[in-house]
Structures are given as structure tokens and as C-alpha cells.
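What follows is a set of notes on a single structure, which appears directly below.
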Amino acid sequence: MQRLFWICVAGATGTGVRYLIGLWANQRFEGAFPVGTLIVNLVGCFLITIVMQLSVSIASFSPGLRVVLTTGFMGGLTTYSAFNYETTKLWLDGTRRIALLNFGATTMGCLIAGLLGLMLARRWVGG
């Protein structure tokens, strides 16, 4: 029960961070492109690979902490459901170029962010 509590706290924190990034992005960037969603997906992909690599490389990295950070915080932070909705809406609204740009930037950007996170984590712990 205690693990569930911490997962929920971390999830709420991730959700709050996602909301604040969305507010900031909407004020900072104009246009139809969903910058806030892209940012949280890139950050989430980067962070989850760091946490997962560290959790398998460092014996003292607790499985409880790993699940709190990944399922909890990053589960609340990342927004693939919003990504899907926004991309579909852009497509259906006739802004297909922006929909394709969003799809490409998110999928390739998240892959690159994940690889960078993995490389950084491996540099920290060797491997």
C-alpha cells in the first residue's frame, strides 16, 4: 500500500509538471503546433531511459524507487494520449503538414532523447 501511495504522489507531481510546461509553452510559442506536448514527451523519453539504465546498473537502486519514478512521475508527465488526439485533430482539421511534422518530431525526437538518456546513464555508471 505504501508503494501505491508514492506512485500516486509521483504521478500527481508529474501531472502538475506537465500542466505547468503546457502553460509555459502556450505563452511562449504561438501557432497550431503542440509544443508543450512535444516537450514533455521528449523529456519523459530522456528521463525514463536514464532511470531504467541506472536501475539495472546500480545494485542499490531500489525497485520501489524505479517504479515510483517511471510508472508514477513519468506516467503523469508524458502525454502520448494527448499526442495522438492532437495529431489526429490536426489531420482531420486539414492541417496535415503540421500533423505530419508533429508525428515526425515526436517519434524521432523521443527516440533520440531516449538514446541520449541511455548514453548519459551508461556514462555515469559505465556499461
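The values are calculated or read from the model by the stated rules, or taken from the named source; none is laboratory data. Everything numeric in this text was worked out from a predicted model, so none of it was measured. Virtual Cβ from ideal backbone geometry, glycine too; neighbours counted across all protein chains shown.
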* Asked: Restricted to the stretch 95-118, and to residues that are over 17 Å from the mean Cα position of the chain (by Cα) and in a helix (DSSP H, G or I), which residue is nearest to ALA82 (Cα to Cα)?
  -> ALA99
* Asked: Only one residue in THR79, THR71 is touching a residue at least 60 places away in the same chain (Cβ under 8 Å), out of contact with any Lys or Arg (no Cβ under 7 Å at 6 or more places or on another chain) and hydroxyl-bearing (Ser, Thr, Tyr), so which one is that?
  -> THR71
* Asked: Out of all the residues in the stretch 21-36, is one or more within 30 Å of GLY126 (Cβ to Cβ) and more than 13 Å from the chain's Cα centre (by Cα)?
  -> no
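Results for (1) surrounded by 15 or more Cβ atoms within 10 Å (Cβ to Cβ); (2) of a type outside the set (Val, Ile, Thr), shown as yes or no for each residue.
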{"residue": "ILE58", "(1), (2)": "no, no"}
{"residue": "GLY64", "(1), (2)": "no, yes"}
{"residue": "VAL67", "(1), (2)": "yes, no"}
{"residue": "PHE83", "(1), (2)": "yes, yes"}
{"residue": "LEU100", "(1), (2)": "no, yes"}
{"residue": "THR107", "(1), (2)": "no, no"}
{"residue": "GLY114", "(1), (2)": "yes, yes"}
{"residue": "ARG123", "(1), (2)": "no, yes"}
{"residue": "GLY126", "(1), (2)": "no, yes"}
* Structure fact -> Reported set for the stretch 1-22 where residues are more than 13 Å from THR78 (Cβ to Cβ), assigned to a helix (DSSP H, G or I) and either of a type in the set (Lys, Arg) or modelled with pLDDT under 95 (or both) is ARG3
* To do: Within the stretch 88-116, work out how many residues are in contact (Cβ under 8 Å) with a residue 40 or more places away in the chain, over 30 Å from LEU54 (Cβ atoms), of a type in the set (A, V, I, L, M, F, W, C) and in contact with a helix residue (DSSP H, G or I) (Cβ under 6 Å, 6 or more places away or on another chain).
  => 2
